[in-house]
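Below is one structure; the comments refer to it alone.
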Amino acid sequence: MPVTLGLLLVDGFSLLSYAAFIEPFRAANILSGAQLYRWSHVALHGREAYASNGARLVADVEVGDAVDCDTLVVFAAGDPANFVDEACFAWLRTLARKGIRIGGVSAGPYLLARAGLLGHRRATVHWEHAVALEAAFPDVVLENGLYVIDGNRMTCAGGTAGLDLALSLIEQDHGRALARRVGEWFIRAEPRSPDLSQRVGVAARYGTTNRRLLPMLAAMEAALEDPLPRAALAGRAGVSLRQLERLCVAELGAGIADTYLAIRLDRAAELLRRTGLSVIEIAFACGFRSPAHFSRRFTLRFGASPSRSRR
């Protein structure tokens, strides 16, 4: 019997994420000469779902209907923190109780977390939503990889990572040879590890390859709530504080303190966009002990106060 997939399309879903995931299964059917996989589409309400680029897909069923599938995958993008549909969450929990494997792609994992399906599970999500998910659901063991399969839950960062997840599932079901042929069909010459980072490394983000500055920058990113003293950062870099200061100015165009402040403010701006945390909570989460000081610094960097920026 073919493996059956249910594809829940939440309006605003990424068409690329959807296509990257489902097309390998179509190719597997063609290359094998057999119907190894079949699928049906699910819409939230009615029988239509709209992608972020305006494309319209006609669904077979809507949330709440009976759906014949071994695996149901939720595709979402946009602002998942503001998605509230208790009927949808209850339906997903019902499917999970029936033993159906539940997955989420791009922002889909955030919806799974809101439905209570990722508690104490390993998971990943598109990097744009990672901060919000981590803040809202600290019991989720969040990873930065392309996809994660944890028992009967699977999560995927979206974009082209859907292809990697699909090929992994095809290999599990029908062997490496077919998965390799499908990968070649889509010009994927080499497999990608599921734990491959979604984003470029520290060197590319900050435009430096200096071996002294890279550990300092990584340490800054890892310690936002309780910023490290400059002496500790110099220790990470393996140079004196004076040397590190000179390196920062020469390579990054700003001193240690200003570089660290910019990283913390950038994270604060991301939290304002992607979470419902209060301005005070964000200030503390980014290492500011005074909300007034945070507001002044934020306004100087972005030209608007935190509250106005959020609006």
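The values are calculated or read from the model by the stated rules, or taken from the named source; none is laboratory data. The shown structure was predicted, so the numbers you read here are calculated from the model rather than taken from an experiment. Cβ placement follows ideal geometry from the backbone for every residue including glycine, while neighbour counts extend to all protein chains displayed. These area figures cover heavy atoms from the full protein model, side chains too; ligands, DNA and RNA do not enter into them. Shrake-Rupley method; radii C 1.70, N 1.55, O 1.52, S 1.80 Å.
For T209, are the conditions met, namely being touching a helix residue (DSSP H, G or I) at 6+ places or on another chain (Cβ under 9 Å), open to solvent by 30 Å² or more (accessible area, probe 1.4 Å) and among the β-branched types (V, I, T)? The answer is yes for T209.
Listed here are the residues, each with its yes/no results for (1) basic (K, R); (2) over 23 Å from the mean Cα position of the chain (by Cα); (3) under 30 Å from T209 (Cβ atoms).
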| position | (1), (2), (3) |
| --- | --- |
| A254 | no, yes, yes |
| D258 | no, yes, yes |
| T275 | no, no, no |
| I282 | no, no, no |
| R289 | yes, yes, no |
| A292 | no, yes, no |
| R297 | yes, yes, yes |
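Taken as a whole, the condition of being in a helix (DSSP H, G or I), over 28 Å from R38 (Cβ atoms) and out of contact with any Leu (no Cβ under 7 Å at 6 or more places or on another chain) applies to H129.
Of the numbered criteria (1) open to solvent by 20 Å² or more (accessible area, probe 1.4 Å); (2) aliphatic (A, V, I, L, M); (3) over 19 Å from N82 (Cα atoms); (4) assigned to a helix (DSSP H, G or I), the one A135 fails is (3).
Pairs linking a residue in region 67-82 that is in contact (Cβ under 8 Å) with a residue 60 or more places away in the chain to a residue that is open to solvent by 50 Å² or more (accessible area, probe 1.4 Å) and among the basic types (K, R), with Cβ atoms under 6 Å and 6 or more positions apart or on different chains, are T71/R101. The condition (being over 23 Å from A203 (Cβ atoms), at pLDDT below 95 and in contact with an Asp or Glu (Cβ under 8 Å, 6 or more places away or on another chain)) is satisfied by just one residue among R289, R310, R274: R274.
Looking only at region 255-295, residues that are farther than 24 Å from L233 by Cβ, without any contact (Cβ under 8 Å) to a residue 12 or more places away in the chain and assigned to a helix (DSSP H, G or I) come to 3 in all. Among the residues of region 187-204, those identified as surrounded by 12 or more Cβ atoms within 10 Å (Cβ to Cβ) and outside any loop (DSSP other than H, G, I, E, B) are V202, A203. Does region 141-158 hold any residues that are under 8 Å from P194 (Cβ atoms) and either touching a strand residue (DSSP E or B) at 6+ places or on another chain (Cβ under 6 Å) or among the small types (G, A, S) (or both), and which are they? The answer is G145, Y147, V148.
The number of residues in region 138-186 being in a loop (DSSP other than H, G, I, E, B), in contact (Cβ under 8 Å) with a residue 60 or more places away in the chain and open to solvent by less than 70 Å² (accessible area, probe 1.4 Å) comes to 3. Each residue in region 228-245 was checked for being open to solvent by 50 Å² or more (accessible area, probe 1.4 Å) and either under 25 Å from the mean Cα position of the chain (by Cα) or of a type in the set (A, V, I, L, M, F, W, C) (or both), and 2 of them qualify. Restricting L112, L117 to those that are part of a helix (DSSP H, G or I), open to solvent by less than 20 Å² (accessible area, probe 1.4 Å) and farther than 16 Å from A19 by Cα reduces the list to L112.
Restricting attention to region 65-95 and to residues that are at pLDDT below 95 and either at positive phi or not in a loop (DSSP other than H, G, I, E, B) (or both), the residue that is surrounded by the most Cβ atoms within 10 Å (Cβ to Cβ) turns out to be P80. Selection of first residues in region 197-218 that are of a type in the set (F, W, Y) and of second residues that are assigned to a helix (DSSP H, G or I) and surrounded by 14 or more Cβ atoms within 10 Å (Cβ to Cβ), restricted to Cβ pairs under 6 Å at least 6 apart or on distinct chains, gives the following pairs, ordered by first then second residue: Y206/L217.
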